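Trainee: My structure is below; once you've seen it, I'll send some questions.
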Amino acid sequence: MIDVAGLIGIVISAILIQNFVLARFLGLCPFFGVSKRLSSAVGMGMAVVFVMTIASIFTWGMNTFVLIPNDVGYLQTIVFILVIAGLVQLVEMALQKFSPALYEALGIYLPLITTNCAVLGVALINTGINQFTNKGFTFLEALVNGVASGIGFTLALVLMAGIREKLELAHLPKALQGLPVAFVSAGLMALAFLGFSGLNFFR
Amino acid sequence: MAHAPATLESSSAAGAVFTEGLWKQNPVFVQVLGMCPTLAVTNSVRNAVAMGAATLFVLVCSNVLISLVRKLVPKQVRIATYILIIATFVTIVQLTMKAYLPSLDRSLGIFVPLIVVNCIILARAEAYASKNKVIRSAIDGLVMGLGFTLALCLLSVIRELLGSNKILGLNAVPGFKPMTVFILAPGGFFTIAFVMAAVTTIRNRKGTRKA
């Protein structure tokens, strides 16, 4: 039996209420690093959704079928980071071989994703105790959470890139130019997203 | 990337290493590394100090070990090796914290395992420890860790004071109405924006004076 309402709750929570960037502070390096141009923001966002989805599947499987049955849960951090690093490498090679066009579009962002804390973050959230069920996610929930978290990240990244493209034309005090004003914009976006915390209909 | 002075013979050189890590090349305000933990855990001074100490420990240990094995590791697999070494020390911190400081472990949450992907640690491994001798790498780790801790403390003092009118959980200014937004996510972004702007201004002023 699939709990559709629960899944919708996870999606809304991951994208809006607990947005990865603006509420959880995960994946800030690419958020500020790749948000100067809208086109590169879209590319990075797609790469993150892709890797997060695959990483959710594999880390969940690793945790459920290897770590827990063998009672070595304390190796989680080490195993997850290795799985993610290996996956990113594999995805990169596979894309290069089978879909050169997609590789062209995502290629330069893929290596950056290994050290993107959002990917390890989603793996840890999927396998940790969560606010919905008070235990780890099931496979389907983990998958949905992975995709939705990636979409949430992309949403924040694309919005930010749109704002920063406009900001380049603004006259700013010298001290605020560059990153400080990007932080202020992110703060204002976070303030807006805070409004979604009222959406508590599934608790 | 930071380049610590080549020699450590005189005490002034050692002093230079410290100003380098704490101020000139501060990992947070100048190199802008490790943003996620910086913003996520600075909602209270206690969390910030704990995260700073944990990162410092991992940074020193991983710098030492990476420096020790730097000639044994083939170039192609070095990043994977570094990540594995860092993850090992992070697991040590994680398990120690779970055993002895469970309440702290709960309030830092997933940011304890996420020390693995703190870019400061990998950056120091790649830029310094993989090219330098053990003792220098240890000092580099210590100084960069202190710079990170200092930045975290500064941000958390501002946020905890403005957000809950407390310092380390103790009441601070009587009669001041706290602005809760500062301990929430937006406050983190606002605080670092203005602290960073201030740091940049001071640095630029010093630069023009010297020139």
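FYI, it's all coordinate maths here, none of it is from the lab. All of these numbers come straight from a predicted model, not from anything done at the bench. Note: ideal-geometry Cβ built from the backbone for every residue, glycine included; neighbour counts use all protein chains shown.
Trainee: Got a sec? How would B:Asp140, B:Asp105, A:Asp3 order by Cβ neighbour count within 10 Å, fewest to most?
Mentor: Working: B:Asp140 24, B:Asp105 18, A:Asp3 14.
Ordered from fewest to most neighbouring Cβ atoms within 10 Å, B:Asp140, B:Asp105, A:Asp3 come out as A:Asp3, B:Asp105, B:Asp140.
Trainee: Can you tell me the 0 to 90 degree angle between the C-alpha axis of helix A:117-127 and the longest principal axis of chain A, rounded to 10?
Mentor: Computed tilt is about 30 degrees.
Trainee: Another one. Return one number: the angle in degrees, 0 to 90 and rounded to the nearest 10, between the long axis of the Cα atoms of helix A:139-167 and the longest principal axis of the Cα atoms of chain A.
Mentor: Its long axis makes an angle of about 10 degrees.
Trainee: Also, I was wondering about something else. To the nearest 20 debye, what is the magnitude of the charge dipole of the protein assembly as shown about its Cα centre, counting +1 on the Cβ of each Lys and Arg and -1 on the Cβ of each Asp and Glu?
Mentor: Numbers: 29 positive and 13 negative charges, 238 e Å.
The calculated dipole for the protein assembly as shown is roughly 1140 debye.
Trainee: In addition: Using helices alone, what [θ] at 222 nm do you get for the protein assembly as shown, with -39,500 (n - 2.57) per DSSP H run of 4 or more residues, divided over all residues and rounded to the nearest 500? Let's see the in-between values first.
Mentor: Working: 17 runs with 263 residues, N = 414.
Value at 222 nm, helices only: -21000 deg cm²/dmol.
Trainee: Using θ = phi - 60° and the Karplus relation 6.51 cos²θ - 1.76 cosθ + 1.60, list the HN-Hα couplings for the range A:61-77 in order, rounded to whole Hz, with x at every Gly or Pro.
Mentor: Calculated HN-Hα couplings, in order: x, 4, 5, 6, 9, 10, 6, 5, x, 8, 6, 10, x, 5, 8, 3, 4 Hz.
Trainee: If we restrict to alpha carbons, what Rg and Dmax does chain A come to, in Å?
Mentor: Both quantities, over Cα of chain A: 17.8, 60 Å.
Trainee: Between B:Leu84 and A:Leu112, what is the spin-label point distance in nm, taking each point 7 Å from the Cα along the Cα→C-beta axis?
Mentor: 2.8 nm
Trainee: Percent relative contact order of the range B:30-210, based on C-alpha pairs within less than 8 angstrom and at least six residues apart? Write down the numbers at each step before the final one.
Mentor: Details: 206 pairs, mean separation 61.3, N = 181.
That works out to 34 percent.
Trainee: Give me, ordered by chain and number, the residues 5 or more places off B:Ile167 or on other chains with an amide H under 5 Å from its own placed amide H.
Mentor: Hits under the 5 Å cutoff: B:Ala172.
Trainee: Picking from A:Gly43, A:Val88, A:Pro69, whose Cα lies most toward the positive end of the charge dipole for the range A:1-151 (charges on Cβ: Lys, Arg +1; Asp, Glu -1)?
Mentor: Working it through, the farthest residue towards the positive pole turns out to be A:Gly43.
Trainee: Further question on the same structure: Return one number: the angle in degrees, 0 to 90 and rounded to the nearest 10, between the long axis of the Cα atoms of helix A:179-194 and the longest principal axis of the Cα atoms of chain A.
Mentor: With rounding to tens, the tilt is 60 degrees.
Trainee: Given C-alpha coordinates of chain B, what is the ratio Rg to Rh with the Kirkwood estimate of Rh?
Mentor: Values: Rg = 18.1 Å, Rh = 18.0 Å.
For chain B, the value is 1.00.
Trainee: Using a Förster distance of 22 Å, how high is the FRET efficiency between A:Thr138 and A:Val66, based on the Cβ-Cβ distance and rounded to 0.05? Write out the running numbers ahead of the final one.
Mentor: Working: r = 17 Å, r/R0 = 0.78.
E between A:Thr138 and A:Val66, to the nearest 0.05, is 0.80.
Trainee: In nm, to one decimal, how far is the A:Ala192 label point from the B:Leu72 one, both placed 7 Å along Cα→Cβ?
Mentor: 5.3 nm
Trainee: Give the residue from B:Ser137, B:Met97, B:Leu154 lying farthest towards the positive end of the charge dipole for the range B:71-186; charges sit on Cβ (+1 for Lys and Arg, -1 for Asp and Glu) and the dipole is referred to the Cα centre.
Mentor: B:Ser137
Trainee: Compute for the range A:140-203: radius of gyration divided by Kirkwood radius, i.e. Rg/Rh, restricted to C-alpha atoms, rounded to two decimals.
Mentor: On the way: Rg = 15.5 Å, Rh = 13.9 Å.
Expressed as Rg/Rh, it is 1.12.
Trainee: Pick from B:Phe29, B:Phe194, B:Phe148: which is most flexible by mean-square fluctuation in a GNM of chain B where alpha carbon atoms under 10 Å apart are linked?
Mentor: B:Phe194
Trainee: Using 7 Å Cα-to-Cβ label points, what is the B:Ala53/B:Arg205 separation (nm, one decimal)?
Mentor: Reported label-point gap for B:Ala53 and B:Arg205 is 3.5 nm.
Trainee: Could I ask something else about it? Please state the charge dipole magnitude for the range B:30-210, taken about the Cα centre, from unit charges on C-beta atoms (+1 on K and R, -1 on D and E), reported in debye and rounded to the nearest 20. Write down the numbers at each step before the final one.
Mentor: Values: 19 positive and 4 negative charges, 138 e Å.
With Lys and Arg at +1 and Asp and Glu at -1, about 660 debye.
Trainee: Further question on the same structure: Which whole-Hz ³J(HN,Hα) couplings does the range B:83-91 yield from phi under the Karplus relation 6.51 cos²θ - 1.76 cosθ + 1.60, θ = phi - 60°, glycine and proline marked x?
Mentor: Those phi angles translate into 4, 5, 4, 4, 4, 4, 5, 4, 4 Hz.
Trainee: With 10 angstrom as the radius, rank A:Met189, B:Met51, B:Met144, B:Met196 by how many other C-beta atoms surround their C-beta, starting from the fewest.
Mentor: On the way: A:Met189 20, B:Met51 26, B:Met144 31, B:Met196 23.
With the sparsest Cβ surroundings first, the list reads A:Met189, B:Met196, B:Met51, B:Met144.
Trainee: In 20 Å bins starting at zero, report the fraction of Cα pairs in the protein assembly as shown per bin as a rounded %.
Mentor: Here the calculated profile for the protein assembly as shown is 25, 60, 14, 0.
Trainee: What is the calculated FRET efficiency for B:Phe176 to A:Tyr74, with r their C-beta to C-beta distance and R₀ = 51 Å, to the nearest 0.05?
Mentor: On the way: r = 44 Å, r/R0 = 0.86.
According to the calculation, E is roughly 0.70.
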